[in-house]
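In what follows, a single structure is set out as structure tokens and then discussed.
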Amino acid sequence: AQLHYSVPEDREPGFSVGDLAKDLGLEVRSLATRNLRLVSEGGQRHFQVDLAAGVLLLDSRLDREALCGQSPTCSLHLQLVMENPLQLHRVEVDVLDVNDNVPQFPKPEVVLEITEVANPGTRLPLEVAEDPDMGSNSISTYELSPSEHFALSINVRGDGVKMPEIVLEKALDREKVAVHHLTLTALDGGNPVKSGTAKVTIHVLDANDNPPVCDPPISKVHLEENVPVGTLVTKLNVTDLDEGPNGDVEYSFKTSNNAPGKFTKLFSLDPRTGEIRTKAPLDYEESSAYEIAVRARDKGSPAMEGHCHLRVELTDINDNSPEIVLTSLSSPVLEDATPGTVIALIGVKDSDSGDNGQVRLQIAKELPFKLVSSFKEHFSLVTSGPLDREKASGYNITVRAVDSGSPQRATQKTFYLRIADVNDNAPNFSSPFDTAHIQENSLPGTSVFSMSASDPDDGSNAKLSYSILDNGMQDVPISTYFRIDQDNGTIYTVRALDYEQDKVFQVPVEVKDAGSPALSSTAVVHVFVLDENDNAPTIVYPSVPKGSAFHQTIPALAEPGYLVTKIVAVDADSGHNAWLSYQLQETAEALPFQVEHRSGEIRVAQALRESEDPHRLVVEVRDNGTPSLSASVVILISLEENSVQDFSKSLDLPKSSPKDANLTLYLIISLVSISLVSCVMFAVVAARCL
């Protein structure tokens, strides 16, 4: 929106220019909370905002003539910037002219000369009085003191300036009056009227009675502002009907305090030919037109002069590039900002005029932003699509301003917009299922597995912490077996594990970020406990107390191959740690018995001899682990006389063959293999179900 106020130039500081709160439709107390601030274009500060009253106050006394010179209008442009939400309002304040300047002539006394033979109607141009005020407060008219011979004539120049001239009404007689003293008064149109005077002294001369005449007296020339130095502007056409020195004309610039010496710095005048040329670069933006007054004086005695007025109007050339002003920038912006969020306020200006000063603003189409025109030469940069910090953490935004001149001129400005992170991504494990192995009986605190998770967010939103969840699948909470380092995700044992009690654990791990709200993910680690040979074989049969022996009797006539008994043992370990072998401990004397290495059967190895003492056998059962563990049993074998029937039966006992021992080994290997395959399949099925 744009607000418009006006203030007279003579008001004191503190004068109330306008009620901002009322005109903006806002409550006074909201101005401070929205951080209302005033930005003056051009860097000069003339106004201030009273946030308590919500009004625009004058900060310093204004001088319209110092601010705008002779411009017909005088406006000061301000910008009001408010936040939450970000808004920009343009304020235009017109500075009204006050009649505070007195008309003033370039010189307090003007001396003119006129020949006595001058005809009635002869005109003597006078210096124009200047009044810095504008409009009705500027020069309104001129008055001349009463005279028998002279009257005042006022002509209007092309730019509206009134030019006084003294007109001869009655023939002069130098012998009667050689000098005439008059008073010229300049009056402005103010209320009250102010005036300034100049004394006019007219000397009546003899002889040279024809002044130089400019044809036409007022002319206009159009010139492009980029013409090279030395370009011919015009050649004055001046005639003097006199002959000899009285008709020989010299030219010179006629200056006034309107712009003392200003056009003389830009233009040169040949005093002999009357050619006017440029002698410095011209700039339309500095001044679009120049009023040049030329005095044409002959060399008569007394000399006579004529006056030529030339108006040089410049044609604008597109010689100024647009200017980009970044008024406000909100950086960083959250990545979840909705489309239409205002990011920046941008202003453009071009010192050229017409199409040369019409500016278009552009940004790259592939950016998720767009430009929205707020009002003339002011734009808002807003989001046009979703932002994602994980794809782009910031944008280099290049704003390009192009005018409509020919050829076009362009300017670009680049600024960096940072995207602030929002916790919109949950942590992610590299795999939802992992497998780890650990030896049973490992010391508490042994590292089992290191979890790895990542979070594409930034800062605290990407700070991860790990924890173990209790899934209730074990009888005892999983936290009594394992713990996890919450910072690096390494899983450690809490106590020693026993393969014979638990062969596999499912450890659910949760990773959580530090965002608000926090996001999390879970993964499951299957920890397989590896068997260790920590259990010695146990003899199931014969079962005898520790330190005792097992007594067995056999027929005295038992032949080789006779089955005495069978040792049965088991091992709580698994795999090769549970593979058992049987052997007899060596003794000093050879025994007539042997034990099958795999089956544990004790048989008669050779014919028995009569003996009163029983045979003492120590059978050792040893597993296949590393190191190997063993158990032993003592068997006392006594001989007795049996019936023939019993003896015959003993002979019918089948003999163990090496093939039977090998078959037993194959059966054990098959059972162990089937058990391992079943455990793995069960673990896979359980993982898929989870």
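What the table below lists for this structure:
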read-out: Test: residue in the stretch 550-558 that is aromatic (Phe, Trp, Tyr) and either part of a loop (DSSP other than H, G, I, E, B) or buried (at least 18 other Cβ atoms within 10 Å of the Cβ) (or both); value: yes
read-out: Positions within the stretch 184-203 being under 13 Å from LEU112 (Cα atoms) and surrounded by fewer than 18 Cβ atoms within 10 Å (Cβ to Cβ), in sequence order; value: LYS199, THR201, HIS203
read-out: Condition met for GLY547 (part of a loop (DSSP other than H, G, I, E, B) and open to solvent by less than 80 Å² (accessible area, probe 1.4 Å)); value: no
read-out: Residue in the stretch 204-213 that is open to solvent by less than 30 Å² (accessible area, probe 1.4 Å) and outside any strand (DSSP E or B) present; value: yes
read-out: Strands (runs of 3 or more DSSP E) fully within the stretch 16-64 counting 2 or more residues that are more than 20 Å from LEU76 (Cβ to Cβ) and in contact with a Leu (Cβ under 7 Å, 6 or more places away or on another chain); value: none
read-out: Close pairs (7 angstrom Cβ cut-off, 6 or more residues apart or separate chains): surrounded by 13 or more Cβ atoms within 10 Å (Cβ to Cβ) in the stretch 386-401, of a type in the set (S, T, N, Q) anywhere; value: GLU390/ASN425; ILE397/THR414; THR398/GLN412; THR398/THR414; VAL399/GLN412; ARG400/GLN362; ARG400/GLN412; ALA401/THR411
read-out: Failed item, numbered, when THR255 is tested on (1) open to solvent by 50 Å² or more (accessible area, probe 1.4 Å); (2) of a type in the set (Ser, Thr, Tyr); (3) modelled with pLDDT of 90 or more; value: (3)
read-out: Residue list for the stretch 309-337, restricted to those being under 26 Å from the mean Cα position of the chain (by Cα), hydrophobic (A, V, I, L, M, F, W, C) and outside any loop (DSSP other than H, G, I, E, B); value: ILE324, VAL325, LEU326, LEU329, VAL333, LEU334
read-out: Qualifying position, being outside the structural domain of THR327 (by the TED database) and more than 22 Å from HIS378 (Cβ to Cβ), among GLU41, GLU65, GLU83, GLU92; value: GLU65
read-out: Boolean, GLY547 is touching a Lys or Arg at 6+ places or on another chain (Cβ under 7 Å) and not aliphatic (A, V, I, L, M); value: no
read-out: Residues (open to solvent by 50 Å² or more (accessible area, probe 1.4 Å) and either acidic (Asp, Glu) or touching a His at 6+ places or on another chain (Cβ under 8 Å) (or both)) located in the stretch 436-472; value: ASP458, ASP470
read-out: Cβ-Cβ under 7 Å pairs, at least 6 apart or on other chains, the stretch 10-32 side within 30 Å of ALA66 (Cα to Cα), far side assigned to a loop (DSSP other than H, G, I, E, B); value: ASP10/VAL98; ASP10/ASP100; GLU12/ARG61; PRO13/ASP59; PRO13/SER60; PRO13/ARG61; ASP19/GLY54; LEU20/GLY54
read-out: Of the criteria (1) in contact with a strand residue (DSSP E or B) (Cβ under 8 Å, 6 or more places away or on another chain); (2) open to solvent by less than 60 Å² (accessible area, probe 1.4 Å); (3) more than 21 Å from GLY121 (Cβ to Cβ), which one ALA280 fails; value: (1)
read-out: Residues (more than 27 Å from LEU667 (Cα to Cα) and hydrophobic (A, V, I, L, M, F, W, C)) located in the stretch 553-611; value: ILE554, ALA556, LEU557, ALA558, ALA588, ALA590, LEU591, ALA607, LEU608
read-out: Strands (runs of 3 or more DSSP E) contained entirely in the stretch 225-308, each with at least 1 residues that are small (Gly, Ala, Ser) and without any contact (Cβ under 8 Å) to a residue 40 or more places away in the chain; value: 267-269
read-out: Matching residues, the stretch 48-93, being within 27 Å of the chain's Cα centre (by Cα) and acidic (Asp, Glu); value: GLU83
read-out: Selection count where residues are under 11 Å from LEU56 (Cβ atoms) and open to solvent by 40 Å² or more (accessible area, probe 1.4 Å), scope the stretch 1-21; value: 3
read-out: Pick from the stretch 473-493, criterion open to solvent by 60 Å² or more (accessible area, probe 1.4 Å) and in a loop (DSSP other than H, G, I, E, B), ranking: nearest to LEU690 (Cα to Cα); value: MET473
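The values are calculated or read from the model by the stated rules, or taken from the named source; none is laboratory data. Owing to the predicted nature of the structure, the values given are computational and were not obtained by experimental measurement. Note that we place each Cβ from the backbone using ideal geometry, even for glycine, and neighbour counts take in every protein chain shown. The protein model used for the area step is the full one, side chains on, heavy atoms only, and it has no ligands, DNA or RNA in it. Shrake-Rupley method; radii C 1.70, N 1.55, O 1.52, S 1.80 Å.
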